[in-house]
1. Which pairs in the list A:Lys9/B:Lys56; A:Lys10/B:Lys9; A:Lys10/B:Lys5 are over 28 Å apart, alpha-carbon to alpha-carbon?
2. Taking A:Asn28 in one copy and the same position in all the others, each labelled 7 Å out along Cα→Cβ, what are the pairwise distances from the first, in nm, shortest first?
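Values quoted throughout were computed directly from the atomic coordinates according to the rules given, and no laboratory measurement underlies them. All values reported here derive from a predicted model rather than from experimental measurement. Positions of Cβ are backbone-derived with ideal geometry, glycine not excepted, and every protein chain shown enters the neighbour counts.
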There are 2 protein chains.
Amino acid sequence: MCEAKAYLKKENGLELFMEDVVSITPENSTLILKDILGHSKTIEGKIVEIGLLDHKVVLEITSSGNL
Amino acid sequence: MCEAKAYLKKENGLELFMEDVVSITPENSTLILKDILGHSKTIEGKIVEIGLLDHKVVLEITSSGNL
């Protein structure tokens, strides 16, 4: 299976944000992530890197949550 | 294996842009795609949707190629 783990890029490294991600849809300044169970999470952020072979998606939050 | 096919979103549908994509790295307003052989392609564009289960990445060109 090709699910990925989504990580948030932090000052001190990567923090696991979501497992078993199957889709990522950018919408305006947000990213909508869905996992294999159909759960979804939305963050105000951008994609830093997608690595399909190591099943890893790195995201970066672009706002401090004040929007 | 989890390589994906990258498509460009066109007025009349999707056009295959690159096969066996293993990584996508946004950099400023461009996207750098690499395939399993190490070849890379760069486009001025953005990610529309990433579907890991159907191995499909949809991209959209954001400039007319004049940059």
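1. In this structure, A:Lys10/B:Lys9; A:Lys10/B:Lys5 exceed 28 Å between Cα atoms.
2. From this label point to the equivalent ones elsewhere in the assembly: 2.7 nm.
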